[in-house]
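Student: This is the structure, below, for whatever I ask next.
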Amino acid sequence: MKFAAITVNPEQMGGVPCIRNLRIPVATILKLMDEGSAEYEILQLYPDLTLADVREALAYSARVLEEREILAS
């Protein structure tokens, strides 16, 4: 699966995955959702984002986790 909205640039934000070079890390979107923010609230906080961006961040995160071995404690 290709993630067109996810960019990784070593020269920007320390190379963490961001949305469309906007300096909005994928992790920021996930943290907001974990804290209970709805998609529409995230879009209000970051007007440059689209609903598709937020959903792609979630899909990207799921794919990254699928490809890593997670050790349960």
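Student: Over the range 15-68, consider all pairs of different Cα atoms and compute the Kirkwood hydrodynamic radius from their mean reciprocal separation; express it in Å, one decimal.
Tutor: This gives a value of 11.3 Å.
Student: Need one number: nm distance between label points at ASN9 and VAL64, each 7 Å from Cα along Cα→Cβ, rounded to one decimal.
Tutor: Label-label distance for ASN9 and VAL64, simple model: 1.8 nm.
Student: Using Cα pairs closer than 8 Å and at least 6 residues apart in sequence, work out the relative contact order for the range 10-73, in percent. Write down the numbers at each step before the final one.
Tutor: On the way: 32 pairs, mean separation 15.6, N = 64.
It rounds to 24 percent for the range 10-73.
Student: Probe 1.4 Å, all protein chains in place: accessible area of ARG20 in Å², nearest 10?
Tutor: Accessible area of ARG20: about 100 Å².
Student: Between the range 8-32 and the range 40-58, what's the alpha-carbon centroid distance in Å?
Tutor: Answer, in whole Å: 13.
Student: In deg cm²/dmol, rounded to 500, what helix-only [θ] at 222 nm does the chain give when every DSSP H run of at least 4 residues adds -39500 (n - 2.57) and the total is split over its residues?
Tutor: Details: 3 runs with 32 residues, N = 73.
So the helix-based figure for the chain works out to -13000 deg cm²/dmol.
Student: Name the residues whose placed amide hydrogens come within less than 5 Å of the amide hydrogen of ILE6, ignoring near sequence neighbours (fewer than 5 apart) on the same chain.
Tutor: Under 5 Å from the amide H of ILE6 lie the amide H atoms of ARG20, each far enough along the sequence or on another chain.
The values are calculated or read from the model by the stated rules, or taken from the named source; none is laboratory data. Quick caveat, the model's predicted, so the values are computed rather than measured. A quick note on method: Cβ atoms are made from the backbone with ideal geometry, for glycine too, and the neighbour counts reach across all protein chains shown. SASA here: full protein model, heavy atoms, side chains in, ligands and nucleic acids out. Shrake-Rupley method; radii C 1.70, N 1.55, O 1.52, S 1.80 Å.
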